[in-house]
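To start, the structure itself, in structure tokens.
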Ligand code: AP5
């Protein structure tokens with residue numbers, strides 16, 4: 001059985017940052033399609049090279065490429081049955097394909113958290129974001145600065161500025177989100193699984209609110225409370 005929790009939100013809403021903390025708290029399997037595509041590109045696979053042209057422009061990679069990646073990841077989850085999706089689905093077609101994929105595995109989409117923040121906050125976050133080349137840890141030049149500029153606190157790796165975090169590409173990514181991804185809000189609202197959270201505040205408060213909502217849902221369903229799994 002595969003139970004899926006989704007973080008939905010515009011570029012810069014804080015999906016990746018919240019995911020890093022949530023998987024430590026909950027022990028869920030993290031599925032971030034953007035990270036998977038960047039990994040494929042780093043390895044120089046055919047899929048990575050195909051995706052690069054879309055990512056550079058801030059456009060979405062075709063649905064059939066993404067769903068194949070996701071299906072493989074669901075199967076690689078091993079004994080894990082709880083998945084945290086970050087950046088997927090991003091179109092109604094992807095949401096429908098995900099629904100079929102989880103049903104095939106006798107699972108369901110349990111909750112969808114909409115991380116909501118104003119456009120000016122998104123732009124400030126994306127233009128200042130820095131990522132570790134070695135371990136992928138996420139920083140921000142002013143919001144979450146590393147102890148030593150340009151160096152990762154966790155592993156000492158080099159921090160880089162994502163090539164799609166330029167002002168022009170950010171503007172395109174935000175437009176793509178409005179036209180292609182925002183329709184998912186009413187889609188999941190209609191299914192009664194959407195939870196809106198204000199992601200313009202401190203990340204600790206945001207994560208606590210999401211964990212609280214997951215625990216309340218678990219309690220309604222008679223599951224054990226979630227806790228720090230020590231990952
Ligand atoms: P992807 O990598 O998924 O990028 P994105 O959705 O554009 O989201 P971001 O990673 O930019 O933002 P985030 O919400 O994770 O914010 P973060 O936590 O880093 O996708 C990249 C590309 O891949 C797409 O454009 C597309 O081409 C392709 N792709 C991926 N998935 C696809 C799919 N399903 N279908 C088709 N194509 C797909 O935070 C940003 C910054 O803000 C950081 O510096 C962080 O430190 C800071 N910050 C975060 N939270 C806070 C906070 N609470 N307070 C202060 N600062 C904060």
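No value in this document is a laboratory result; all are computed from the given coordinates. Treat the numbers as computed from the prediction; the structure is a model and nothing was measured. Cβ placement follows ideal geometry from the backbone for every residue including glycine, while neighbour counts extend to all protein chains displayed.
Observations on the model:
- Of all the residues in the range 12-41, those that are within 12 Å of the ligand (Cβ to nearest atom), over 21 Å from residue 140 (Cβ atoms) and in contact with a strand residue (DSSP E or B) (Cβ under 7 Å, 6 or more places away or on another chain) number 1.
- Filter result (without any contact (Cβ under 8 Å) to a residue 60 or more places away in the chain, closer than 25 Å to residue 134 by Cβ and surrounded by 13 or more Cβ atoms within 10 Å (Cβ to Cβ)) within the range 61-79: 61, 69, 73
One line per residue, one yes/no per condition, for (1) more than 11 Å from the ligand (Cβ to nearest atom); (2) in contact with a strand residue (DSSP E or B) (Cβ under 6 Å, 6 or more places away or on another chain):
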site: 178; (1), (2): yes, no
site: 187; (1), (2): yes, no
site: 200; (1), (2): no, no
site: 209; (1), (2): yes, yes
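- Residue within the range 128-151 that is surrounded by 17 or more Cβ atoms within 10 Å (Cβ to Cβ), more than 24 Å from residue 88 (Cβ to Cβ) and touching a strand residue (DSSP E or B) at 6+ places or on another chain (Cβ under 9 Å) present: yes
- The one condition in (1) assigned to a loop (DSSP other than H, G, I, E, B); (2) within 13 Å of the ligand (Cβ to nearest atom); (3) out of contact with any strand residue (DSSP E or B) (no Cβ under 9 Å at 6 or more places or on another chain) that residue 170 fails to fulfil: (1)
- Boolean, residue 117 is crowded, with 16+ Cβ neighbours inside 10 Å and at negative phi: yes
- Single match in 44, 9, 48, 58 (criterion: without any contact (Cβ under 8 Å) to a residue 12 or more places away in the chain, within 15 Å of the ligand (Cβ to nearest atom) and closer than 19 Å to residue 164 by Cα): 48
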